[in-house]
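Participant: Before we start, here is the structure in question, set down as structure tokens.
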Amino acid sequence: MNEHITKIDDTILDLFRRAKKITFLTGAGVSAESGIPTFRDELTGLWKHYDVEKLASEEGFVNDPSLVWGWYEWRRAKVAAAQPNPAHLAIAELEKRFEVTVVTQNVDDLHERAGSTNIRHLHGELNKAHCIQCGDAYTHKEFVFTKDEVELEQARIEPPKCRCGGYYRPSIVWFGESLNTDVWEDSVEACNEAHLLIVIGTSAQVYPAASLPYNASLKNVPVLNINPEENNFRYLVPFFLKGKAGDVMTRIMNQL
Ligand code: OAD
């Protein structure tokens, strides 16, 4: 049954009142109010302006490592200059009252910086990199802003090299690559065993992440979807709060 509720009424509040374990599945929309572009929004989405094949695939990296490293450094700079917004802060605040797990498709660190402690990064992290040949983990130096963000966007920056001679690449799950098995299994468990799964700010177009709410609802986990648009879940999830992540989470926090 679909219930499109825009008001935070007792039906919604009861989902929280009955829950001890709450899992969030977050997507780019949760960071939108921090000024981080989403991927598929018509006007501002990254994949509307940049070539996925060139920037988010191993083949693209091998063909032009400096283009790819420069682009991810630009994104890292953008995130470093951003602040967690009321949605990140509310999710972190809920840890005081519930067992909260955040399963995120986001590669930024805004959940961490808001204070969430139990986070699974399904698609990797902008602040991590590893050698494309031997897998050695790279530690980013403290970010030094020698260029402003706009310049960085255009920048080609040669990636650092590992002792084995291979380039370090961003530890982001690129198209055609598998998710980390441990992170995936933990995420499945966190969604399926939650008393409430809150899906927030995702278009639900990328699998396997998008399968998590479907599978959880098959296990009778109530799913609450928060999004300003009606996304792919509208036919499957029972509860839909239409609105921006920060606004809706603030209204929920005020009423809990
Ligand atoms: P998308 O760009 O596909 O979807 C963003 C969603 O956020 C849309 O449903 C918007 O309606 C919604 N949205 C926009 N502003 C919002 C706001 N203020 N509050 C709440 N929601 C808002 O981003 P994802 O679903 O996260 O993968 O995309 C999934 C994956 O596709 C990403 O993790 C990335 C990309 O390719 C990798 O980088 C591996």
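The values are calculated or read from the model by the stated rules, or taken from the named source; none is laboratory data. Just so it is clear, the model here is predicted, and its values are computed rather than measured. Virtual Cβ from ideal backbone geometry, glycine too; neighbours counted across all protein chains shown. Remember, those area values only see protein heavy atoms, side chains included, never the ligands or the DNA or RNA. Shrake-Rupley method; radii C 1.70, N 1.55, O 1.52, S 1.80 Å.
Participant: Among DSSP beta bridges lying fully in the stretch 1-147, give the percent that are antiparallel, nearest 5.
Facilitator: Approximately 25 percent, going by the DSSP bridge assignments.
Participant: Give, in nm to one decimal, the length gained when the segment between Asn118 and Gln205 is fully stretched (0.36 nm per residue of separation minus the Cα-Cα distance).
Facilitator: That works out to 28.9 nm of additional length.
Participant: Moving on. So what is the accessible area of the chain per residue, in Å², with the probe set to 1.4 Å?
Facilitator: 49 Å²
Participant: By how many degrees, 0 to 90 and rounded to 10, does the Cα axis of helix 245-255 deviate from the longest principal axis of the chain?
Facilitator: Result, in degrees: 40.
Participant: Multiply the residue gap between Thr11 and Ala80 by 0.36 nm, knock off their C-alpha separation, and tell me the result in nm, one decimal place. Write out the running numbers ahead of the final one.
Facilitator: Values: separation 69, 0.36 × 69 = 24.84 nm, distance 3.82 nm.
Length difference between fully extended and current span is 21.0 nm.
Participant: Continuing with this model, one more query. Relative to a virtual label point 7 Å from the Cα of Arg97 in the Cα→beta-carbon direction, which members of the stretch 213-227 show backbone nitrogen distances below 17 Å?
Facilitator: 224
Participant: Which whole-number percent gives the relative contact order of the stretch 1-104, counting Cα pairs below 8 Å spaced six or more residues apart?
Facilitator: Here the relative contact order equals 38 percent.
Participant: If R₀ is 45 angstrom, what is the calculated FRET efficiency for the pair Asp247 and His140, using the beta carbon separation as r and rounding to 0.05?
Facilitator: 0.85
Participant: Arrange the peptides 208-220, 192-204 so that the one whose residues have, on average, the most other Cβ atoms within 10 Å appears first.
Facilitator: My ranking of the peptides, most packed first, is 192-204, 208-220.
Participant: When the accessible area of the stretch 196-256 is split by element with a 1.4 Å probe, what percent falls to carbon and sulfur?
Facilitator: Carbon and sulfur together cover 48 percent of it.
Participant: Let me ask something additional. Treating the beta-carbon of each Lys and Arg as +1 and of each Asp and Glu as -1, no other charges, what is the dipole magnitude of the chain about its Cα centre, to the nearest 20 debye? Could the numbers behind the result be given before it?
Facilitator: Values: 27 positive and 36 negative charges, 86 e Å.
Result for the chain is approximately 420 debye, rounded to the nearest 20.
Participant: Mind giving me the nanometre distance, one decimal, between the label points for Arg18 and Lys48, set 7 Å out from Cα along Cα→Cβ?
Facilitator: 3.8 nm
Participant: To continue, here is another question. How high is the relative contact order of the chain, in percent, with contacts defined as C-alpha pairs under 8 Å that are six or more residues apart?
Facilitator: 28 percent
Participant: Gain in length, Lys219 to His195, computed as 0.36 nm per residue apart minus the alpha-carbon separation, to one decimal in nm?
Facilitator: 7.6 nm
Participant: With r as the distance between the Cβ atoms of Thr181 and Asn63 and R0 = 35 Å, compute the FRET efficiency 1/(1 + (r/R0)^6) and round to 0.05.
Facilitator: 0.80
Participant: From the cross-link list Lys54/Lys161; Lys7/Lys78; Lys78/Lys161; Lys96/Lys219, which pairs have alpha carbons spaced over 28 Å apart?
Facilitator: Working: Lys54/Lys161 20 Å; Lys7/Lys78 34 Å; Lys78/Lys161 24 Å; Lys96/Lys219 26 Å.
From Lys54/Lys161; Lys7/Lys78; Lys78/Lys161; Lys96/Lys219, over 28 Å: Lys7/Lys78.
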